[in-house]
1. In region 29-43, how many are open to solvent by less than 60 Å² (accessible area, probe 1.4 Å) and not in a loop (DSSP other than H, G, I, E, B)?
2. Considering only region 44-54, how many residues are of a type in the set (A, V, I, L, M) and assigned to a helix (DSSP H, G or I)?
3. Report, by residue number, each residue of region 66-89 that is part of a loop (DSSP other than H, G, I, E, B) and at negative phi.
4. Tell me which residues, restricted to region 66-89, are closer than 12 Å to Asp25 by Cα and open to solvent by less than 70 Å² (accessible area, probe 1.4 Å).
5. Might you let me know whether region 38-50 holds any residue that is at pLDDT 95 or above and in contact with a Lys or Arg (Cβ under 6 Å, 6 or more places away or on another chain)?
6. Looking only at residues that are in contact (Cβ under 8 Å) with a residue 12 or more places away in the chain and of a type in the set (Val, Ile, Thr) in region 48-64, which one is surrounded by the fewest Cβ atoms within 10 Å (Cβ to Cβ)?
7. Restricting to region 71-81, what's the tally of residues that are farther than 13 Å from Trp32 by Cα and touching a residue at least 12 places away in the same chain (Cβ under 8 Å)?
Amino acid sequence: GFIDFQVKKVYNRNILSIIRRHTMDISYKKLWILLAHNDMSKADLRKKVDISPSTLTKLNKNQYVSLEVLLKICLLFNCELSDIVEIVR
């Protein structure tokens, strides 16, 4: 009933809080350097990899994007994930 729902809601909020505290930050600085070395703009990347503007915004803000997106970028540049993403501790 209602009490079970409230307990689950609090439990889920606590779990999300724990996850947020323990997640690592990421940086796509290496990706932007790679773009510069290839004389490519972020708009060029978006078009060539066929990602949405919102996904590009996430990359700009160093937010998580799908592994599929990262792999598409790696295929474009023939590189490894570690060449475009860095874990910030």
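1. Just the residues of region 29-43 that are open to solvent by less than 60 Å² (accessible area, probe 1.4 Å), to begin with: 31-32, 34-35, 40-41, 43.
Still in the running and not in a loop (DSSP other than H, G, I, E, B): 31-32, 34-35, 43.
The number of residues fulfilling the criteria is 5.
2. Narrowing region 44-54 to residues of a type in the set (A, V, I, L, M): 45, 49, 51.
Those left that are additionally assigned to a helix (DSSP H, G or I): 45, 49.
Result for region 44-54: 2.
3. Kept after step one, since they are part of a loop (DSSP other than H, G, I, E, B), are these residues of region 66-89: 66, 78-80, 84-85, 89.
Answer for region 66-89, where residues must be part of a loop (DSSP other than H, G, I, E, B) and at negative phi: Ser66, Cys79, Glu80, Ile84, Val85, Arg89.
4. Going through region 66-89, the residues closer than 12 Å to Asp25 by Cα turn out to be 85-89.
The answer is Val85, Val88.
5. The first filter runs over region 38-50 and keeps only residues at pLDDT 95 or above, leaving 38-50.
Among the residues that remain, those that are also in contact with a Lys or Arg (Cβ under 6 Å, 6 or more places away or on another chain) are: 49.
Yes, that holds for at least one residue.
6. The qualifying residue surrounded by the fewest Cβ atoms within 10 Å (Cβ to Cβ) is Thr55.
7. Here the count works out to 3.
The values are calculated or read from the model by the stated rules, or taken from the named source; none is laboratory data. Nothing here was measured: the structure is a model prediction, and the numbers come from that model. No Cβ is skipped: glycine too gets one built from the backbone with ideal geometry, and neighbour counts run over all protein chains shown. Accessible surface is based on the protein model in full, side chains and every heavy atom, while ligands, DNA and RNA are left aside. Shrake-Rupley method; radii C 1.70, N 1.55, O 1.52, S 1.80 Å.
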